[in-house]
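Participant: Take a look at this one; I'll ask things after.
The values are calculated or read from the model by the stated rules, or taken from the named source; none is laboratory data. Here the structure is a predicted model, which means the values were calculated and not measured. When we count neighbours, we look across all protein chains shown, and the Cβ atoms used for this are built from the backbone with ideal geometry, even at glycine.
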Amino acid sequence: MDKLASLDVPTPPVPARMSPQQAADVVGEVSQLVADHVRRTGRGRWGLGSLVLRSLKQALYSPRNIGHAGLASPRYCHFTSPIRRYPDLVAHRALLASLGLDDEAPRADELPDAGEWSSTAEREAMQIERDADDVCLAFLLERRLHEQGWETEGFEGFLPVRRLRGDWWTLNEQETALVAESSGRALRIGDPVAVSVRRVEPARGRTDLDLASD
């Protein structure tokens, strides 16, 4: 909430301890406040939405039933059909065994380690997916720039702080803005900045940017 407040986005009061229902209500209210702020200011559509998502605690697999905040449910069991993940297989086997349809019930003493391993594997798979997306988008950007010229939208890139000219820039305490030491000017999440493409490295999934010339 401090990060959103530092960007002048209204935030609701948050209890120190919350039930799954309360957590879901808070997330819903924050999402609506962010949407209203974006609509009112015309800024931060992607940046603020991403900030809200990153603030949520990542889900993990565990034999402990702690509910599901997003669904506002005090009880939750994750599995899909068809089976796509190892936790799905564990849950299916447990359900079949409880119905007397399978003798291979998961061993309770193995479930904590299985949950930890599955959570780690899912994080690694998500990172591989993001890296693959970056590579594909870099190839697409390179082709579009050659076909349509050097003005395009809808892509991401990296603009090093050292290329912000005219001052010394530092990250604020909430990590939501770069602040110029001399002038006090701030570049915050969601602020529009005109940039140009300096270099595209498709094989690395990397796009380097420069500040656009005045």
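Table: residues versus (1) farther than 30 Å from Pro202 by Cα; (2) surrounded by 11 or more Cβ atoms within 10 Å (Cβ to Cβ).
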residue	(1), (2)
Ala59	yes, yes
Asn65	yes, no
His68	yes, yes
Tyr76	yes, yes
Phe79	yes, yes
Pro87	yes, yes
Glu124	no, no
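Participant: Also: Does at least one position in the stretch 107-119 carry a residue that is exposed (fewer than 13 other Cβ atoms within 10 Å of the Cβ), out of contact with any Pro (no Cβ under 6 Å at 6 or more places or on another chain) and of a type in the set (S, T, N, Q)?
Facilitator: no
Participant: Whether any residue in the stretch 141-148 is in contact with a Pro (Cβ under 6 Å, 6 or more places away or on another chain), of a type outside the set (S, T, N, Q), in contact (Cβ under 8 Å) with a residue 40 or more places away in the chain and over 27 Å from Ala180 (Cα atoms) is what I want to check.
Facilitator: In the first step, residues of the stretch 141-148 are kept if they are in contact with a Pro (Cβ under 6 Å, 6 or more places away or on another chain); the result is 142.
After this cut, where a residue has to be of a type outside the set (S, T, N, Q) as well, the list is 142.
Cutting the leftovers down to in contact (Cβ under 8 Å) with a residue 40 or more places away in the chain gives us 142.
From what is left, the residues that are over 27 Å from Ala180 (Cα atoms) are 142.
Looking through the stretch 141-148, at least one residue is in contact with a Pro (Cβ under 6 Å, 6 or more places away or on another chain), of a type outside the set (S, T, N, Q), in contact (Cβ under 8 Å) with a residue 40 or more places away in the chain and over 27 Å from Ala180 (Cα atoms).
Participant: Take the conditions exposed (fewer than 14 other Cβ atoms within 10 Å of the Cβ), among the hydroxyl-bearing types (Ser, Thr, Tyr) and closer than 22 Å to Val9 by Cα and apply them to Thr176. Does it pass? Full working, then the answer.
Facilitator: Details: exposed (fewer than 14 other Cβ atoms within 10 Å of the Cβ): no; among the hydroxyl-bearing types (Ser, Thr, Tyr): yes; closer than 22 Å to Val9 by Cα: yes.
Answer is no for this residue.
Participant: So, in the stretch 39-76, of the ones that are of a type outside the set (Phe, Trp, Tyr), modelled with pLDDT of 80 or more and within 22 Å of the chain's Cα centre (by Cα), which residue ends up nearest to Asp2 (Cα to Cα)?
Facilitator: Top of the filtered list is Arg39.
Participant: Against the conditions (1) in contact with a strand residue (DSSP E or B) (Cβ under 6 Å, 6 or more places away or on another chain); (2) surrounded by 14 or more Cβ atoms within 10 Å (Cβ to Cβ); (3) farther than 26 Å from Val34 by Cα; (4) not acidic (Asp, Glu), where does Ala186 fall short? Just the number, please.
Facilitator: Among (1) in contact with a strand residue (DSSP E or B) (Cβ under 6 Å, 6 or more places away or on another chain); (2) surrounded by 14 or more Cβ atoms within 10 Å (Cβ to Cβ); (3) farther than 26 Å from Val34 by Cα; (4) not acidic (Asp, Glu), the lone unmet condition for Ala186 is (3).
Participant: Among all residue pairs at least 6 apart or on different chains, which show Cβ distances below 6 Å where the first residue, located in the stretch 110-122, is without any contact (Cβ under 8 Å) to a residue 24 or more places away in the chain and the second is assigned to a helix (DSSP H, G or I) and basic (Lys, Arg)?
Facilitator: Every condition considered, no pair remains.
Participant: Here is a check on your reading of the model: is Ser213 free of Cβ contacts under 8 Å to residues at least 60 places away in the same chain, outside any helix (DSSP H, G or I) and within 29 Å of Ser6 (Cβ to Cβ)?
Facilitator: no
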